[in-house]
Amino acid sequence: DGGITQSPKYLFRKEGQNVTLSCEQNLNHDAMYWYRQDPGQGLRLIYYSQIVNDFQKGDIAEGYSVSREKKESFPLTVTSAQKNPTAFYLCASSAVVSNQPQHFGDGTRLSIL
Amino acid sequence: AQSVSQHNHHVILSEAASLELGCNYSYGGTVNLFWYVQYPGQHLQLLLKYFSGDPLVKGIKGFEAEFIKSKFSFNLRKPSVQWSDTAEYFCAVTANTGTASKLTFGTGTRLQVTL
């Protein structure tokens, strides 16, 4: 089955630590996205990538970093500079055409110890 | 930049009641519009989408939405809700630029359907 796999499902971070969230897709999509979901705030875009080795900042990129070395993979690193990292993180992918819907993974819930 | 407003944050309905969830967007150009649903414990799924043509679009599970360009609205409707429709609903918009671009989401509406 084609889809998006996010891991881990739950992640705990100590203060001052960087953590990396994994996102893999086998839908052959060129575009991939990272969103952060907070209660009452909907989904906010962190970073997106339309092609390998290229990515753009979204609305709330500060304290996050990404890489896109392979078409299938778009890992997100939450750095120690992100002061409020506790949230639900969603990865998505789509074809590189604006009228194609995004497909979402099951998400990773990050908490601070 | 585009923005999306969902005015109903929490809606409680009895089974068989009719549903209408409001969605308004702001953007000066042509847009693509989406409704996504997130059932408890599940990933975000596409309910329906509008790109062009008939402004009344039908989606899965009996949902429909009407694009009213003059009102910048894309309200979601269902004539008779079921308990299984309990979920969070998100309206989203992206500029119709021909290439993948940022999806802007509303803050979501939590629908609770009671038996």
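Explain nothing, just the number: dipole magnitude of chain A about its Cα centre with +1 on each Lys and Arg Cβ and -1 on each Asp and Glu Cβ, in debye rounded to the nearest 20.
For chain A, the charge dipole is close to 300 debye.
Could you list the GluC sites (Glu not before Pro) in the stretch A:1-72 that lie in coil according to DSSP, counting only those with at most 12 other Cβ atoms within 10 Å of their Cβ?
For GluC sites (Glu not before Pro) across the stretch A:1-72 that sit outside H, G, I, E and B with at most 12 neighbouring Cβ atoms in 10 Å, the list reads A:Glu15, A:Glu62, A:Glu69.
With r as the distance between the Cβ atoms of B:Ala17 and A:Ile51 and R0 = 30 Å, compute the FRET efficiency 1/(1 + (r/R0)^6) and round to 0.05.
0.05
For the protein assembly as shown, with only Lys/Arg (+1) and Asp/Glu (-1) charged at the beta-carbon, what is the dipole magnitude about the Cα centre, in debye rounded to 20?
I would put it at about 280 debye.
In chain A, with Lys and Arg counted as +1 and Asp and Glu as -1 at Cβ, which of these residues, A:Val66, A:Pro8, A:Leu110, has the Cα nearest the positive end of the dipole, that is, farthest along it?
A:Leu110
Pick from B:Asn24, B:Asn75, B:Asn32: which is most flexible by mean-square fluctuation in a GNM of chain B where alpha carbon atoms under 10 Å apart are linked?
B:Asn32
Could you point to the residue in B:Gly41, B:Tyr89, B:Gly28 farthest towards the positive end of chain B's charge dipole, with +1 and -1 charges on the Cβ of Lys/Arg and Asp/Glu respectively?
In chain B, that residue is B:Gly28.
Could you work out the mean count of beta carbons from other protein chains within 10 Å of each residue's beta carbon in A:35-47?
Per-residue shielding by partner chains comes out at 4.
If you build a Gaussian network model of chain A, linking Cα atoms that sit under 10 Å apart, which residue out of A:Pro101, A:Pro85, A:Pro39 swings the most?
A:Pro39
Among B:Lys61/B:Lys102; A:Lys57/B:Lys102; A:Lys71/B:Lys102; A:Lys57/B:Lys49; B:Lys49/B:Lys71, which pairs are too far apart, with a Cα-Cα distance over 21 Å?
B:Lys61/B:Lys102; A:Lys57/B:Lys49
As a test of understanding, state the convex hull volume per residue of the protein assembly as shown from its alpha carbons, in Å³.
Taking only Cα atoms, the protein assembly as shown has a hull volume of 124 Å³ per residue.
Comparing A:Gln37, A:Gln56, A:Gln100, which has the greatest mean-square fluctuation in the GNM of chain A with Cα pairs linked when under 10 Å apart?
Largest GNM mean-square fluctuation: A:Gln100.
Please give the residues of the stretch A:34-70, grouped as numeric ranges, whose backbone N is less than 17 Å from a label point set 7 Å along the Cα-to-Cβ vector of A:Thr79.
A:46-48, A:55-68
Read the figures in this text as sums done on the coordinates, not as results from a lab. In this text the structure is predicted, and so the values were computed from the model without any measurement. Using ideal geometry, Cβ is built from the backbone for each residue, glycine included, and neighbour counts are taken over all protein chains shown.
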